[in-house]
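The values are calculated or read from the model by the stated rules, or taken from the named source; none is laboratory data. These numbers come from a predicted model, not from an experiment. Heads up, the Cβs are rebuilt from the backbone with ideal geometry, glycines too, and the neighbour counts pull from every protein chain shown.
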Amino acid sequence: MVIISEELLAERWFCSVSRIQRWRSQKIGPPYIKMMGRILYRVSDIEAYEQSCLVIPGAEK
């Protein structure tokens, strides 16, 4: 299992850490782990969330 910090997730998504934190408080985004005061994300959950956000132009829903 590969785990990354919210800082690395923000870097991956080209946004600020505060945006990741705000989305989390709004219950938006991938599942996360809260351990010893840190917020961590499993890469598999991030990839699944990214896949769920994928938009294919011209594809039927």
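Rundown of residues vs (1) of a type outside the set (Val, Ile, Thr); (2) at pLDDT 95 or above; (3) touching a helix residue (DSSP H, G or I) at 6+ places or on another chain (Cβ under 8 Å), yes/no style:
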{"position": "7", "(1), (2), (3)": "yes, yes, yes"}
{"position": "16", "(1), (2), (3)": "yes, yes, yes"}
{"position": "23", "(1), (2), (3)": "yes, yes, no"}
{"position": "38", "(1), (2), (3)": "yes, yes, no"}
{"position": "41", "(1), (2), (3)": "yes, yes, yes"}
{"position": "48", "(1), (2), (3)": "yes, yes, no"}
{"position": "56", "(1), (2), (3)": "no, no, no"}
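Name the residues in region 25-43 that are farther than 13 Å from residue 5 by Cα and touching a residue at least 12 places away in the same chain (Cβ under 8 Å), would you?
Once the filter is applied, which keeps residues that are farther than 13 Å from residue 5 by Cα and touching a residue at least 12 places away in the same chain (Cβ under 8 Å), region 25-43 yields only 29.
Residue 11: within 9 Å of the chain's Cα centre (by Cα) and free of Cβ contacts under 8 Å to residues at least 12 places away in the same chain, yes or no?
When the stated conditions are applied, residue 11 does not pass them.
Only residues that are of a type in the set (Gly, Ala, Ser) and over 9 Å from the mean Cα position of the chain (by Cα): list them for region 26-47, please.
37, 44
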